[in-house]
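The values are calculated or read from the model by the stated rules, or taken from the named source; none is laboratory data. Keep in mind that what you see is a predicted model, and the values were worked out from it rather than measured. We place every Cβ from the backbone using ideal geometry, glycine too, and count neighbours over all the protein chains shown.
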Amino acid sequence: MSNTDKNSNPSHSGVRTETFACVWCGLTVAAAAPDGRRRNHCPSCLHSRHVHDHVEDGPSECQARMAPISIAVLRNGDWKVIHRCTRCDELTANRVHGDDNQLILMRLAVRPLAQPPFPLEVFGDL
Ligand SMILES: [Zn+2]
Ligand SMILES: [Zn+2]
């Protein structure tokens with residue numbers, strides 16, 4: 001029998017092993033994104049949960065589902081997902097992570113162009 005020495009276990013530090021279940025699709029999500037930052041929305045369906053009160057800057061009692069409704073582009077080119085709470089209508093902006101569902105991100109980004117609130121024909125006359 002060989003005596004294997006396994007003292008070099010990777011350290012389990014808080015957020016790296018923390019997970020949460022997506023309120024929308026049920027996916028088990030690691031709370032830490034690949035870039036090490038904390039994740040607050042599901043990378044698959046991009047839904048989130050209203051756990052932070054941005055007015056009081058503390059934990060929120062709402063806990064309702066937050067749906068991704070739009071994309072915001074920051075000055076440095078980074079994208080943020082705009083979430084709206086399905087219960088209290090609060091809006092939040094959240095960082096996009098490298099493994100977020102790109103199809104859904106693109107769908108959110110082009111939605112206003114696909115559904116303009118005015119007829120596009122007017123541009124044909126310019
Ligand atoms: Zn999900
Ligand atoms: Zn809410």
task = Spot the failing condition for A93; the list is (1) touching a Ser or Thr at 6+ places or on another chain (Cβ under 9 Å); (2) assigned to a strand (DSSP E or B), and only one is missed.
result = (1)
query = Does any residue of the range 51-71 turn out to be away from ligand 2 (no atom under 16 Å from the Cβ) and either part of a loop (DSSP other than H, G, I, E, B) or touching a strand residue (DSSP E or B) at 6+ places or on another chain (Cβ under 8 Å) (or both)?
reply = yes
ask   = If you go through the range 44-54 one residue at a time, do you hit one that is touching a residue at least 12 places away in the same chain (Cβ under 8 Å) and over 17 Å from F20 (Cβ atoms)?
value = yes
message = What are the pairs with Cβ atoms under 8 angstrom where one residue, in the range 92-113, is under 24 Å from R38 (Cβ atoms) and the other, located anywhere, is at pLDDT 95 or above and assigned to a helix (DSSP H, G or I)? Sequence gap at least six, or different chains.
response = V96/L105
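Residues checked against (1) crowded, with 16+ Cβ neighbours inside 10 Å; (2) more than 21 Å from T19 (Cα to Cα):
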| site | (1), (2) |
| --- | --- |
| D35 | no, no |
| V73 | no, yes |
| I82 | yes, yes |
| D89 | no, yes |
| R95 | yes, no |
| D99 | no, no |
| R111 | no, yes |
inquiry  = Yes or no: the range 67-87 includes at least one residue that is away from ligand 1 (no atom under 15 Å from the Cβ), without any contact (Cβ under 8 Å) to a residue 60 or more places away in the chain and in contact with a Ser or Thr (Cβ under 6 Å, 6 or more places away or on another chain).
reply    = yes
request  = Return yes or no: is G124 assigned to a helix (DSSP H, G or I) and free of Cβ contacts under 8 Å to residues at least 60 places away in the same chain?
outcome  = yes
